[in-house]
Each structure stands twice: as C-alpha cells, then as structure tokens.
1. Tell me, please, whether a residue that is touching a strand residue (DSSP E or B) at 6+ places or on another chain (Cβ under 6 Å), at pLDDT 60 or above, assigned by TED's automatic domain parsing to the domain that holds residue 404 and more than 16 Å from the ligand (Cβ to nearest atom) can be found in the range 168-183.
2. Any residue that is near the ligand (Cβ under 10 Å from one of its atoms) and buried (at least 22 other Cβ atoms within 10 Å of the Cβ) - is there at least one of those in the range 335-351?
3. Inside the range 358-368, can you point out the residues that are under 18 Å from residue 403 (Cβ atoms) and within 9 Å of the ligand (Cβ to nearest atom)?
4. Conditions: (1) at pLDDT 95 or above; (2) away from the ligand (no atom under 16 Å from the Cβ). Residue 432 meets all but one. Number of the miss?
5. Which one is surrounded by the most Cβ atoms within 10 Å (Cβ to Cβ) among residues in the range 374-394 that are away from the ligand (no atom under 12 Å from the Cβ) and β-branched (Val, Ile, Thr)?
6. Take the residues in the range 79-95 that are part of a helix (DSSP H, G or I) and touching a residue at least 40 places away in the same chain (Cβ under 8 Å); name whichever of them is farthest from the chain's Cα centre (by Cα).
7. Inside the range 395-408, can you point out the residues that are of a type in the set (A, V, I, L, M) and near the ligand (Cβ under 9 Å from one of its atoms)?
Amino acid sequence: MVNPSILPIMKRTKHPIIVNEDLDMHQFGQHLRAIRIGCGLTQAAVSKQLNVSKGYISRLEGGKARPSESAVRRLAEACGTDPGSLLILAGYLPGDIRDIFRQYPTKAPAVLRETFRDNGYETEERTGIAAAVAEPHAVFQANEATYDLVQGDCFEWMERHQADSIHAIVTDPPYGLKEYTDIEKSKLRRGRGGVWRIPPAIGGCVRRPLPRFTVLNNDDKQELAEFFRKWGERAFAVLVPGGHVFIATNPLLSQLIYTALLESGFEKRGEIIRLVQTLRGGDRPKNAHDEFKDVTVMPRSCWEPWGLFRKPCEGRVQDNLRKWKTGGLRRVGLDQPFCDVIRSSPTRSIEREIAPHPSLKPQGFMREIVRAALPLGEGIVLDPFMGGGSTVAAALAVGYTSIGIENDPQFFAMAKEAIPRLAALVPNGQPKERSSRISRGTASTQPTLFD
Ligand SMILES: C[S@@+](CC[C@H](N)C(=O)[O-])C[C@H]1O[C@@H](n2cnc3c(N)ncnc32)[C@H](O)[C@@H]1O
C-alpha cells in the first residue's frame with residue numbers, strides 16, 4: 001500500500017523513487033511468483049531472459065532479495081505484465097502515481113482509503129477483536145506448485161485413492177444436500193425458486209444467491225449426518241496420520257458434521273472463526289413484521305465456523321512431523337502462531353467475476369487457512385468439493401501442491417479457467433489478464449504440472 005506520509009519527501013522525477021527501504025519483500029516475491037506461473041514461465045526461463053541466475057529469481061520469489069527498479073521492469077516485461085504492482089510491492093512508487101499524489105495531495109489518499117479500506121483483506125485500522133486475530137499477511141513461501149483437477153465424484157475418488165497419501169483437506173461441502181442436486185442447480189441457473197434464494201439488493205449491489213439451510217427437515221438432517229459419516233471414513237483413509245481437515249460449516253448445522261467426523265475417527269482440534277458479515281438471520285417473524293417490530297427470529301450471522309479436525313498422529317507430534325510432515329499447523333511467522341479467528345470480507349466482486357460459483361470463498365481467507373494446513377509447507381492439499389476452485393487457487397498462490405475434485409461439469413470447467421487467475425490476484429489488486437498459457441490445469445486424473 002502506498003503510504004501518503006512519504007509524499008513530502010518525494011523529489012520531482014519522472015522515475016519511480018524508493019518509498020520504503022526496509023520493506024518486507026515476501027509479498028513482492030509471492031506476487032512475482034504468481035505472475036510468472038500465471039504466464040506459464042519457469043524460473044529458468046525468466047532468469048535466461050534477464051540474464052541472471054535462476055538462484056536470483058528464486059531468492060526474489062522467496063522474498064530474500066530486493067531487485068533494482070530496472071530489474072523490476074525487466075521482470076515485468078519478461079512476464080508480459082504491467083510493472084506497476086511489482087514496482088509498488090518492491091517499494092518503488094511509479095512516476096505517474098506519484099504525479100497523481102502531487103496533483104491531488106488531499107483527494108488521492110482519501111479516494112484510496114474510501115476505495116480500499118475494509119474492502120479487501122488488507123485494512124489499515126484494526127479495532128476490537130479484529131486487532132487480536134491472525135495477521136492477514138502470512139509469508140507465502142514461493143515453491144514451485146502443481147495442481148491436479150478431477151471431474152468426478154469425490155466419494156468414488158477417495159475410495160480408489162491410495163491410503164495415507166494426502167496431507168490436508170480444506171473444503172466447503174454442500175451442506176444442504178439438496179442445493180447441489182441437478183434439479184436445484186437447474187433452478188439456480190434459471191434464477192428461480194428452489195432452495196436458492198436471492199437476498200435483497202443492498203445499496204444497489206446485486207447479491208449472490210444463498211442456499212436456504214432452514215428448509216432441511218429432520219430426515220434431511222439425518223441424511224446429512226450419514227453423508228458426512230461416509231465422507232469422513234473416506235477422508236480418514238486417504239489422509240496421512242496427523243493430517244488436518246478444515247471444513248466449512250454454518251452455525252445451524254455444524255454439530256451434525258462435527259459428530260459425524262468424530263465418529264469417523266478424527267480428533268476435533270478446534271474451530272476457525274471466519275468473521276464475516278452475512279445476510280442470514282436478523283429477520284423479524286415472517287408475516288408478522290409489523291406486530292413484532294422489536295423481535296429478531298435468529299441472530300444476524302457475523303461469523304462462519306470452519307471445523308478443524310486431525311487424523312490422530314503416529315506417536316508424538318514431533319515424530320509425526322518428521323515421518324509424515326503433518327501433525328501441526330504452519331505458523332504465520334516465527335513470533336506468531338496461527339490464530340483461530342480470522343477477519344474476512346465477503347468474496348470480492350473481482351473474484352466472483354473470475355469464478356461465478358454461488359459459494360465461492362475469498363482468496364484472502366482461503367490463502368491463510370490453506371497455508372496453515374501444511375505445517376512444513378510440504379505435501380498435498382485436497383479439496384474434494386472444489387466448486388469454483390478457491391482452495392486450489394489458494395494452494396497455488398502459497399506454493400502448495402493440491403488436488404481439486406468437482407462433480408458438476410459446469411463448475412468444473414469454471415474452476416479450470418478460474419484457478420490460475422484467482423491465484424494471480426494480489427490483496428486489493430488485480431493483475432493484468434494474461435494469455436491462454438495461464439490455463440494449464442487439465443481435466444484429467446493425471447498430474448497437472450505447469451512445466
Ligand atoms: C459449497 S460448494 C464449494 C464452493 C467452493 N468452496 C468455492 O469456493 O468455489 C460445493 C461443491 O461441491 C460439489 N459437489 C457436491 N457433491 C460432490 C461430490 N460428491 N463430489 C464432488 N463434488 C461435489 C458441488 O457441485 C459444489 O460445486
């Protein structure tokens with residue numbers, strides 16, 4: 001982010017100037033890596049174009065070196081992208097941006113604050129509970145990442161898949177059972193009826209359809225519990241000892257899912273609270289709004305629970321970490337453990353445009369939990385209910401190998417296109433669209449490598 005306090009020290013020059021010499025370069029490294037992968041280049045190819053060593057590119061992507069301004073420009077050119085975002089993340093303020101600040105010293109910072117504060121997953125002010133939650137700027141390790149996309153039924157896939165081979169599962173399943181049946185999906189796609197409802201537009205914004213969980217009766221709930229018991233058994237088999245499951249739920253149904261997972265052999269390791277304002281709840285009694293003006297039927301939900309479970313470790317955690325690379329969670333930083341309350345915004349419109357799935361989760365939040373899921377940054381993350389691909393994209397962005405499974409052909413095609421583009425997004429920024437070389441996740445059960 002541009003810090004307006006540096007403005008007074010700016011000199012008049014057409015060239016970018018250094019705005020922060022002590023900048024942590026990890027965000028730059030992560031962004032560079034996402035751009036490079038997004039345009040289908042290897043580190044070796046970029047190093048050749050710049051006539052530098054591959055090790056130097058690797059150090060840049062690992063946030064361990066700071067490039068000169070001209071090196072940033074050459075990197076951007078090699079990746080066919082505008083240098084603006086790379087310059088800013090490397091601590092250089094592009095000349096045209098600097099001119100805007102000079103011309104509008106009051107208005108420009110005000111417009112930036114108005115536009116971005118609280119709008120993405122980076123905010124300047126943190127108050128109350130948000131001040132104590134996990135730091136949103138996890139240091140993303142820049143490894144080469146690969147991903148594999150499978151179109152099919154995750155139950156069948158997990159049954160076939162080798163036992164003890166997946167290191168973490170991060171997923172957002174269909175809770176309602178009904179909402180992702182063919183008939184309900186066709187109603188959703190027609191924009192009418194079914195369990196999908198369109199919440200009222202607020203402030204002129206078009207809202208996304210939400211599934212109506214309250215339509216579940218007791219039989220549906222029993223069926224749901226059975227669904228998760230079967231799912232839990234299969235998840236338990238494919239995970240290595242000490243492997244974690246992060247599973248999105250909602251406050252009305254989480255107990256059913258948690259019980260089913262405990263019955264499948266998992267240990268409950270806590271709950272991640274995604275602090276997010278939703279439109280659920282807070283209504284007055286139906287058809288009696290005027291009579292009971294002061295009554296709310298249920299609280300307006302301001303959080304989303306994600307169950308955190310673990311397959312028991314083999315021996316001590318340290319033994320398990322050595323043998324299976326699992327058992328714990330990855331720290332945010334040396335001084336900061338992973339915390340269980342994460343402030344989050346609803347999914348940004350830029351992400352929803354890339355992947356218009358009705359349940360798309362935001363990259364800011366997904367990258368934090370996916371990163372935490374592999375304590376040593378090694379192994380494979382699985383999302384058996386991939387949807388629009390937010391988990392796989394987050395894994396790609398943080399440099400983890402992942403597998404996504406989706407049984408709906410339309411959602412599968414959407415995810416395939418969306419994953420590299422979601423992975424290339426930066427907090428509060430949007431990269432240039434790149435060539436078709438970005439879509440290299442194949443629709444097969446074969447490993448999908450970038451190179
Ligand atoms: C709640 S959505 C996941 C959305 C995802 N978190 C995202 O950010 O886009 C659940 C997805 O699981 C898919 N699904 C449902 N049953 C499945 C199954 N048995 N195997 C694979 N995918 C399934 C649905 O089609 C739906 O896209």
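The values are calculated or read from the model by the stated rules, or taken from the named source; none is laboratory data. Worth saying up front: this structure is predicted, and the values here are computed from it rather than measured. Note that we place each Cβ from the backbone using ideal geometry, even for glycine, and neighbour counts take in every protein chain shown.
1. no
2. Yes - at least one qualifying residue is present in the range 335-351.
3. Listed by number, the residues that qualify are 361, 366.
4. Result: residue 432 fails condition (1) only.
5. The qualifying residue surrounded by the most Cβ atoms within 10 Å (Cβ to Cβ) is 381.
6. Among those residues, the one meeting the criterion is 95.
7. 405
Residues checked against (1) buried (at least 20 other Cβ atoms within 10 Å of the Cβ); (2) closer than 30 Å to residue 348 by Cβ:
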| site | (1), (2) |
| --- | --- |
| 235 | yes, yes |
| 244 | yes, yes |
| 260 | yes, no |
| 265 | no, no |
| 287 | no, no |
